[in-house]
1. Explain nothing, just the number: dipole magnitude of the chain about its Cα centre with +1 on each Lys and Arg Cβ and -1 on each Asp and Glu Cβ, in debye rounded to the nearest 20.
2. I need the Kirkwood Rh of the stretch 256-321: take the reciprocal of the average 1/r across all distinct C-alpha pairs and report it in angstrom.
3. How many angstrom lie between the C-alpha centres of the stretch 326-396 and the stretch 154-197?
4. Helix 146-164 versus the longest principal axis of the chain: what is the Cα-based angle in degrees, 0 to 90, to the nearest 10?
5. Work out, step by step, the length gained on full extension between residue 315 and residue 13: first 0.36 nm times the residue separation, then minus their alpha carbon distance; give nm to one decimal.
6. Compute the helix-to-body angle for 346-360: its Cα long axis versus the longest principal axis of the chain, expressed 0 to 90° and rounded to tens.
7. Want the number for residue 43 to residue 107: 0.36 nm per residue separation, take away the alpha-carbon distance, what's left?
8. Return the long-range amide H neighbours of residue 201 (sequence gap of 5 or more, or a different chain), with a cut-off of under 5 Å between placed amide H atoms.
Amino acid sequence: MIGVPRPPAADPLEAFTEDEVAACVGYAKPRQRWGLAGYGTDLAVLAALALAGPGRALVRSVAGLLGGPAPGRVALAAVTVLAVRAGVGLPFSVRAFRQDTRAGLATQRLGGFLRDWVKSRTVGLVLTVLPLVGLVLAARWRPPGWPWVAAAAAVLLVGALALLGPVLIEPLFNRFTPLEPGPLRARLLDLAATMRVPVGDVLVADASRRTTRVNAYVSGLGRTRRVVVYDTLLAAAVPGSPGGADEVALVIAHELAHVRHRDVVWGTVGAAALAAAAVLAGVVVLDLDQIQRLLGVTGLGDPLAAPGLLLLAALGGLLAAPVASAVSRWAEARADWVSLEVTRDPATAVAVERRLALENRADLRPNPLMLAMFASHPTTMARIAQARLWAQRHQG
């Protein structure tokens, strides 16, 4: 991973006041501790359902409600695991929501939060149960070449989600409207043309009904690709807001840089490859006698294999997290640098990073291990250092 200048991060007091640092750290550290507690609890629940006698008995009893048909038993076993995980994880989610409410970051009531939570878990349930049922049934019936067919199906599923997710899933959580004609829309479209990035549309998400956080992102592939701007970010670009339009343009330049470097495409390819590898690994691992004894199943074709498969997937995700996070941080740093090359406005870049940190309550004193394991973006001070380095190189 070379070619992207990534200077060391300076002390946050070089860009923030002591009170600003204290406010961000005071919000971020407790949230991280509870997030880790929730993550550990989720792994413990999976382990209990896959490895412990009472957990297996619970899954077995619920899966047996439909009697003989294997598809129904597989589905019920998976639903049981997901339902228990969701129920145990709900208090952690509610606590995070309560913290956001106290900090002024949440704009919806508890009822609205719970509706979004239910929708999210329902989408996750469908996208987990159906592939699991297909995989277990394929292993049970073993059609010719079934492991490779299953791996190919995983690749197709990831590709379909990349194409259809923006159309079918994202509207479940936000309403999207085209950015209205005017100087800002014209500026953003000109920016896309300058960067030679074909964009289907620039949309505004009504994120303010849930949060005060600011953000923007690119989703979709090909003709479905669109740049999405939170209305909370767009609020800075109202007439009379000094530098607001410049901030929005710089953020969008960053998102367009992802498109120009095909980060979304490569991310989809990587996710598809990992999905296929996970399927093939599951076939091999669940064929081992010691793993079968450990999980209490007869193999991948066992209707009760779902808890073990989900546990193995979670552990695999944990092992892959440092590599995935490092790749993501590098891609984000590259997009930051490209946005500076395009806008040639490091002062606005620093202002954007300050705003993002203060409005999103970023951790301005991150733990190195947490950063290596889970951070998808460079730290605020690393991004500010990069902007200042660009200024030194190009503005004397």
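Each value in this text was obtained by applying a stated rule to the coordinates, not by laboratory testing. Since the structure is predicted, the reported quantities are computational estimates derived from the model, not experimental observations. Using ideal geometry, Cβ is built from the backbone for each residue, glycine included, and neighbour counts are taken over all protein chains shown.
1. Roughly 800 debye for the chain.
2. 13.4
3. 23
4. 30
5. That works out to 104.9 nm of additional length.
6. With both axes taken from Cα atoms, the answer is about 50 degrees.
7. On the way: separation 64, 0.36 × 64 = 23.04 nm, distance 3.08 nm.
Between residue 43 and residue 107, full extension yields an extra 20.0 nm.
8. Residues meeting the amide H criterion: 227.
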